[in-house]
């Protein structure tokens, strides 16, 4: 009679349709993850030797940043071809607080004579020039390029003049050559510091996010692998295409790899954890997770790559280099996070999530946290939320009025080096004369007339004649006013206007002017094209013209607000005097390209859920974690000793945080609710209805409120309230 009992068979018939997937997993699939890992191991083995050479291939000379058409670039190239090559211009500054003594002047004169004997100098013999204060004298020196590398020359001169310091006499080496050497030393310390701090920050955030002793290691290792691959590819680009890569582009690439790569890992792992509850086999669960997150992650990477690729149209070599190197970093991060990380996760199985193991057949923990409450608030007060958020961002944007002028080279350091101190002492002792020469190249037959016109140009204090070779004659022009001051800038502009085609005006100050002019032109080209490229990608993914406009409008407002916040703190709190001219352009590219990422994840989930509230509830936590990680990685730039790096890192980090916690959490959901199905115009209002086993919990349980959006078919929805009492993740 026992065989007639309806027991198990009856229970099987009466069970509600299960939501889990039990596909048959072929054992032949097991080789795929191993093959992927083996391929990456071989790739890293090939990449390591090239990655280590990237630091030696970077250049941080100001003249290398400029296009070949700039006058200062032409001057530098012509000087390199003259006897002795280019010059390393130095100024030795002797100073005694109580006034120079006769012995001090003798020491300085002896040093000038010694340098004339020991170094291959260009121009007249060094001479001492006393300041009117009686406490300072200077010795201008121009060392030929044939004497050796500029940095080595500066180090040697500093070693020699150190012997002259005695009984309160200070001796410092300044000038453009010393400033370039100090800048080079600063750049040389960046790579190692940046990598160590970035890895430490990402590790701490991953541990805090996953609260697992093992899981946090996987994204970190995979991003490290991606970073090695990116550095190798970037080095090969410099060798094969002649790309000018500087330390800033290399640093930004490193930050992008770790920031973007960790973001992609967070999104993939979050969806993989969801799939493990409904899919028995890890291989199949990973396939479902990749299918669900793949389009959004790929489009996210595509927007960043598209925005960075537009930088190839910039005239500034330094700006152009950030484009391909950054794009390489993002693509390597995408490749590693969508192939290597999934392969490792599949092989290690569910135990990697210990102590919160997502068991098959159970339900995830109820998702009624902060973002569910935020979504409910936005649903009730959508107009108030949108207006309040825009007012806050608009108020921050007013801070852009406080952004100071161009950052001078002597103000480019967070900690003042010896060369900057020497220049400041010269400015106080020689207030009416520049210590940084302006170089004018005249055609040899016109040299005398050009020199005469230069002397008669307002703002010119002195003109000296130097070398002649290859049909050119070098003239040294001393301007009234300090280096990079408005007076000196006006003098350079007048010289270029007066001389016309008969002379070329170059030198350090002229390079800064050309940099500003070129950067201004680049901004008018790059910014509109970045917007157009990102808009097209968003329109293709979201199949809408309105939704991309909403996202782009939001990130543009965030960009202005982040710049405004920088204007409020750079001077008053950080003590910075000026802003890097490339700050608006670079911060715009990164905030637009990176900022739309989280909008993509949110709106992509809205299409899947067919509602705002479930999408915000499902993605809010992971987007917040990703935003914090990305902001933290860019904030690493603020520990570097260069003002331009600090400013760029601060603006991008603040912009990402504003985008994550204000725009994605409040403004975009509020705008989506107000627009309703018009958000998806001209496409359909939502994606096709999912299969029964894939429907959102709220829709399965009848909790989806279709009428909350005025009957537009784009409801707010509620997550699975009934799920609160069901089994959750197993805690081992």
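Does the range 613-622 include one or more residues that are buried (at least 24 other Cβ atoms within 10 Å of the Cβ), within 13 Å of residue 654 (Cβ to Cβ) and touching a residue at least 12 places away in the same chain (Cβ under 8 Å)?
No, the range 613-622 has no match at all.
Only residues that are buried (at least 17 other Cβ atoms within 10 Å of the Cβ) and in contact with a strand residue (DSSP E or B) (Cβ under 8 Å, 6 or more places away or on another chain): list them for the range 379-404, please.
403
Could you please let me know if residue 642 is farther than 30 Å from residue 205 by Cα and at pLDDT 50 or above? If you could, list the steps in order and put the result at the bottom.
Details: farther than 30 Å from residue 205 by Cα: no; at pLDDT 50 or above: yes.
So residue 642 fails the test.
A quick yes/no check of all residues on (1) surrounded by 15 or more Cβ atoms within 10 Å (Cβ to Cβ); (2) not in a helix (DSSP H, G or I):
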residue: 167; (1), (2): no, yes
residue: 199; (1), (2): yes, no
residue: 204; (1), (2): no, no
residue: 207; (1), (2): yes, no
residue: 220; (1), (2): yes, no
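It is to be established whether one or more residues within the range 242-252 are touching a residue at least 24 places away in the same chain (Cβ under 8 Å), surrounded by fewer than 22 Cβ atoms within 10 Å (Cβ to Cβ) and assigned to a helix (DSSP H, G or I).
Scanning the range 242-252 turns up no residue that is touching a residue at least 24 places away in the same chain (Cβ under 8 Å), surrounded by fewer than 22 Cβ atoms within 10 Å (Cβ to Cβ) and assigned to a helix (DSSP H, G or I).
Which residue out of 655, 599, 649 is at pLDDT below 90 and out of contact with any strand residue (DSSP E or B) (no Cβ under 8 Å at 6 or more places or on another chain)? It would help to see each step written out before you state the result.
Details: 655 fails: at pLDDT below 90; 649 fails: at pLDDT below 90.
Answer to the selection: 599.
Which residue out of 88, 128, 106, 101 is over 44 Å from the mean Cα position of the chain (by Cα) and at pLDDT below 90?
Going through 88, 128, 106, 101 in turn, just one is over 44 Å from the mean Cα position of the chain (by Cα) and at pLDDT below 90: 128.
So is residue 48 over 26 Å from residue 489 (Cα atoms) and within 35 Å of the chain's Cα centre (by Cα) or not? Break it down into steps so the answer makes sense when it comes.
Values: over 26 Å from residue 489 (Cα atoms): yes; within 35 Å of the chain's Cα centre (by Cα): yes.
Yes.
Would a scan of the range 649-669 turn up a residue that is at positive phi, touching a helix residue (DSSP H, G or I) at 6+ places or on another chain (Cβ under 6 Å) and either surrounded by fewer than 22 Cβ atoms within 10 Å (Cβ to Cβ) or in a helix (DSSP H, G or I) (or both)?
Initially, the range 649-669 is screened for residues at positive phi, giving none.
No, that holds for no residue.
For residues that are crowded, with 24+ Cβ neighbours inside 10 Å and either closer than 15 Å to residue 593 by Cβ or in contact with a strand residue (DSSP E or B) (Cβ under 6 Å, 6 or more places away or on another chain) (or both), tally how many sit in the range 315-326.
Within the range 315-326, residues that are crowded, with 24+ Cβ neighbours inside 10 Å and either closer than 15 Å to residue 593 by Cβ or in contact with a strand residue (DSSP E or B) (Cβ under 6 Å, 6 or more places away or on another chain) (or both) number 4.
Working carefully through the options 556, 622, 628, 596, find the one that is outside any loop (DSSP other than H, G, I, E, B), more than 27 Å from residue 289 (Cα to Cα) and outside the structural domain of residue 310 (by TED's automatic domain parsing).
Details: 622 fails: more than 27 Å from residue 289 (Cα to Cα); 628 fails: more than 27 Å from residue 289 (Cα to Cα); 596 fails: more than 27 Å from residue 289 (Cα to Cα).
Only one candidate qualifies: 556.
From the list 172, 165, exactly one residue is at negative phi and more than 40 Å from the chain's Cα centre (by Cα). Which is it? Give the derivation first.
Numbers: 172 fails: more than 40 Å from the chain's Cα centre (by Cα).
Selected residue: 165, the only one of 172, 165 that is at negative phi and more than 40 Å from the chain's Cα centre (by Cα).
Consider residue 152 against the criteria (1) outside the structural domain of residue 109 (by TED's automatic domain parsing); (2) surrounded by fewer than 21 Cβ atoms within 10 Å (Cβ to Cβ): it satisfies all of them except one. Which criterion is unmet?
(1)
Checking the condition within 18 Å of residue 431 (Cα to Cα), modelled with pLDDT under 90 and exposed (fewer than 14 other Cβ atoms within 10 Å of the Cβ), which residue from 174, 134 passes?
After ruling out the rest, the residue left standing is 134.
Given 457, 439, which one is farther than 30 Å from residue 614 by Cβ and surrounded by fewer than 22 Cβ atoms within 10 Å (Cβ to Cβ)?
Working: 439 fails: surrounded by fewer than 22 Cβ atoms within 10 Å (Cβ to Cβ).
457 is the lone residue from the list that is farther than 30 Å from residue 614 by Cβ and surrounded by fewer than 22 Cβ atoms within 10 Å (Cβ to Cβ).
Of the residues that make up the range 532-553, is at least one more than 23 Å from the chain's Cα centre (by Cα), at pLDDT 90 or above, surrounded by fewer than 24 Cβ atoms within 10 Å (Cβ to Cβ) and not in a helix (DSSP H, G or I)?
yes
Within the range 259-289, track down each residue that is in contact (Cβ under 8 Å) with a residue 60 or more places away in the chain and in contact with a strand residue (DSSP E or B) (Cβ under 8 Å, 6 or more places away or on another chain). Explain how you work it out, then say what you get.
Going residue by residue through the range 259-289, those that are in contact (Cβ under 8 Å) with a residue 60 or more places away in the chain are 259-270, 272-274, 276-284, 286, 288.
Those that are in contact (Cβ under 8 Å) with a residue 60 or more places away in the chain and in contact with a strand residue (DSSP E or B) (Cβ under 8 Å, 6 or more places away or on another chain): 278, 279, 280, 284, 288.
Looking only at the range 78-112, filter to residues that are in contact with a strand residue (DSSP E or B) (Cβ under 9 Å, 6 or more places away or on another chain) and on the phi > 0 side of the Ramachandran plot; which one of those is surrounded by the fewest Cβ atoms within 10 Å (Cβ to Cβ)?
85
I'd like to check something: does the range 132-140 contain any residue that is within 29 Å of residue 469 (Cα to Cα), outside any strand (DSSP E or B) and in contact with a helix residue (DSSP H, G or I) (Cβ under 6 Å, 6 or more places away or on another chain)?
No, the range 132-140 contains no residue that is within 29 Å of residue 469 (Cα to Cα), outside any strand (DSSP E or B) and in contact with a helix residue (DSSP H, G or I) (Cβ under 6 Å, 6 or more places away or on another chain).
Quick one: residue 509 ticks every box in (1) in a helix (DSSP H, G or I); (2) within 23 Å of residue 423 (Cβ to Cβ); (3) out of contact with any helix residue (DSSP H, G or I) (no Cβ under 6 Å at 6 or more places or on another chain) bar one, so which box is it?
(3)
The values are calculated or read from the model by the stated rules, or taken from the named source; none is laboratory data. As the structure is a prediction and not an experimental result, all values here were calculated from the model. FYI the Cβ positions are ideal-geometry reconstructions off the backbone, even for glycines, and counts take in every protein chain you see.
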